[in-house]
1. From the helices alone, meaning DSSP H stretches of at least four residues, give me the mean residue ellipticity at 222 nm for the chain, per-run term -39500 (n - 2.57), in deg cm²/dmol to the nearest 500.
2. What FRET efficiency would be calculated for the residue pair residue 52, residue 206, taking the C-beta separation as r and a Förster radius of 51 Å, to the nearest 0.05?
3. Of 114, 22, 330, which has the largest mean-square fluctuation in a 10 Å C-alpha GNM of the chain?
4. How high is the relative contact order of the chain? Use alpha-carbon pairs under 8 Å, at least six apart in sequence, and give a whole percent.
5. Taking Rh as the Kirkwood radius, which is the inverse of the mean 1/r over Cα pairs, what is the Rg/Rh value for the stretch 195-269?
6. Give, in nm to one decimal, the length gained when the segment between residue 105 and residue 282 is fully stretched (0.36 nm per residue of separation minus the Cα-Cα distance).
7. What area, in nm² and to one decimal, does the C-alpha convex hull of the stretch 52-121 cast on average over all directions?
8. Rg to Rh ratio, the chain, alpha-carbon atoms and Kirkwood radius?
């Protein structure tokens, strides 16, 4: 039977998870295969080269560029301190001396006799990569990073902002329909990941920031609130690099949208557990979704289980509708007709039949749904 590609959204109470933790450039891996690590542990580190600061020594000393190497007090590779003399020249029969001082602390990178410029490099910037999740080091990529493996409860979101965080899960609402409001947030949410319901608004985000919560998970958000919080419109670029003091993950979309029962119940069942979360989102080439990862106890034997291969849609598959009408609704596949069907746009597409929560059956183009993988 012909099949159509259907994007998947994973929500699972138990999954074998593997995460690569890679340096931006080659450095040193500080753990080995088999080591048990926590989310906060450093697994690799390196140094990013510091910025270059050019100094026009020829101009400052009033000498030809070709004379600059002889006027240098410091040579290539020498360490320098801010304010330290790097070049000097005698003037007027040696009665007066002119000098050039370093504007930075760092090293001498290059001395040019052609331009008269001296390049100074600022100190290297140390970069550390942390494990992000509790688990076991299952692979080491020499001088580059590692693979961390564990068993987790796992939720993929639709959209997010903010970087990687870890915190304890704390539920703020009674059900997945209730909105997250400021009056539900207090000092007990400090360093926690707050679980809301259908929507989070700007006042609630500000209240969460005020009590120093780590993150928020909710069904949706009004795009005007998001724009005001960020100070700009989200485009098609990758999110997850915003430095706003809190990470936000939406499980359903934009506007007030009931969090899926399965998602809410899973997060509620793991209240009090430590979780890792990020808001990285990319909806074009190379889809990337925000994630909530809740490590659970496991044995090393369990990690040897092969990852489940995607099987595509089948009768009984749980899906989410990703276009209007019924955007965001969860339903179950009831039939997968093989023949193409003519839809409202008068084009022929592959369709499916699905049952809504009220047992109403609808017909949907397969391109308008995503599978919620178990």
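1. Mean residue ellipticity at 222 nm (helix-derived): -2500 deg cm²/dmol.
2. 0.80
3. 114
4. 18
5. 0.96
6. Extending this stretch completely gives an extra 59.8 nm.
7. Values: hull surface 16.2 nm².
Value for the stretch 52-121: 4.0 nm².
8. 1.15
Only the coordinates and a few stated rules stand behind these numbers; no lab work does. Since the model is a prediction, treat every value here as computed from it, not as a measurement. Glycine gets a Cβ as well: all are built from the backbone with ideal geometry, and neighbour counts include every protein chain shown.
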